[in-house]
């Protein structure tokens, strides 16, 4: 039997008190630790809507974390590499990025499917695919080998088909056409004889004005009107190529793994909320800008591509999809998932949204 003296009891009690104080102090320190992250965006400073998404996300994350998350945003004028976001985040130069997945198709071809696809899903269908149809898991499969995580970063909805200086009456008019158009749609037009290119947002107007390009697509009225494209290309075509353009928040995986679980969850919520906010903000801005276009700029001519051109685009698109799927097992997996989900979701979109719009038009 061991007898504990009164002195020993005092020592043990003191040690226990010190241990409790040390544990409590450490826990308090961990809870108060500030994590400072750097984000690089493709857009210029104070760029509307797209740039608002990053600012809203950062503000929400800071508030929900009680100041433990501080995110510094560097626009393209600061880091000088609007299309270098992928590389900078991958290398750890930045913890986060905000851009568009299809910009990286030259580096990692299968990234392009996570922005939007011609003749593909609209925004509600695509968001459902991401969060409930397996899209997030497929995106992680593509990005994780590059030390990256990708999250939806804001949707534009259906984009307009672009600003043209000459009317498109037949497929022959696409031959040799120099157009700023990224992603899979650029491949479709190239197959039909056009010369697609990608240009940084800040250089678009100058390229169109100086006839470096013959046409460009950007987003829709909410952003296009501010850019002034109507001053140098009055023909405004309706969309076919980007029915649900989803931007992305990129995250360096090591930076992500260093964060406590509660802060990771706060970021998930902040990014998801900022993405939806961008979607409705763009819808509002486009509705207002469209009204302005109709009333104040009567010289803008709204056009639809002829049926023969749309048919040729769809044929080229289907052929390219088949080619990509045949040459890459991962691409096939993604494209099959999107096609299967679109088939299922479109049945509901047709009998709900489309039927409602048709009935409203009939009633008028």
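In the list 181, 168, which residue meets the criterion of being crowded, with 23+ Cβ neighbours inside 10 Å and touching a helix residue (DSSP H, G or I) at 6+ places or on another chain (Cβ under 7 Å)?
Working: 168 fails: crowded, with 23+ Cβ neighbours inside 10 Å.
After ruling out the rest, the residue left standing is 181.
Just one of (1) within 19 Å of residue 187 (Cα to Cα); (2) outside the structural domain of residue 191 (by TED's automatic domain parsing); (3) surrounded by 12 or more Cβ atoms within 10 Å (Cβ to Cβ) trips up residue 340, so point out which.
Condition not satisfied by residue 340: (1).
Find the helices (runs of 4 or more DSSP H) located wholly in region 215-302 whose residues include 3 or more that are touching a strand residue (DSSP E or B) at 6+ places or on another chain (Cβ under 6 Å), and list them.
So the answer is 261-296.
Have a look at 364, 288 and point out the one that is outside the structural domain of residue 223 (by TED's automatic domain parsing) and over 26 Å from the mean Cα position of the chain (by Cα).
Matching residue, one of 364, 288: 364.
If I ask for residues that are in a helix (DSSP H, G or I) and either more than 29 Å from residue 136 (Cβ to Cβ) or touching a residue at least 12 places away in the same chain (Cβ under 8 Å) (or both), which ones from region 325-338 would you list? Before you say what the answer is, go through the steps one by one.
Restricting attention to region 325-338, the residues satisfying the condition of being in a helix (DSSP H, G or I) are 325-327, 329-338.
Those that are in a helix (DSSP H, G or I) and either more than 29 Å from residue 136 (Cβ to Cβ) or touching a residue at least 12 places away in the same chain (Cβ under 8 Å) (or both): 330, 331, 333, 334, 335, 337, 338.
Applying the selection to region 95-117, what residues are surrounded by fewer than 23 Cβ atoms within 10 Å (Cβ to Cβ) and either assigned by TED's automatic domain parsing to the domain that holds residue 186 or farther than 23 Å from residue 45 by Cβ (or both)?
105, 106, 107, 108, 109, 110
What's the total number of residues in region 139-151 that are surrounded by fewer than 20 Cβ atoms within 10 Å (Cβ to Cβ) and part of a helix (DSSP H, G or I)?
Residues in region 139-151 being surrounded by fewer than 20 Cβ atoms within 10 Å (Cβ to Cβ) and part of a helix (DSSP H, G or I): 5 in total.
Suppose we filter 273, 292, 206, 212 for residues that are within 29 Å of residue 346 (Cα to Cα) and surrounded by fewer than 20 Cβ atoms within 10 Å (Cβ to Cβ); which single one remains?
Working: 292 fails: within 29 Å of residue 346 (Cα to Cα); 206 fails: within 29 Å of residue 346 (Cα to Cα); 212 fails: within 29 Å of residue 346 (Cα to Cα).
Only one candidate qualifies: 273.
From the residues in region 157-214 that are assigned to a strand (DSSP E or B) and farther than 20 Å from residue 304 by Cα, which one is nearest to the chain's Cα centre (by Cα)?
Step by step, filter region 157-214, then rank; the result is 197.
The values are calculated or read from the model by the stated rules, or taken from the named source; none is laboratory data. It should be emphasised that the depicted structure is a prediction, and the values quoted were computed from it without experimental measurement. Note that we place each Cβ from the backbone using ideal geometry, even for glycine, and neighbour counts take in every protein chain shown.
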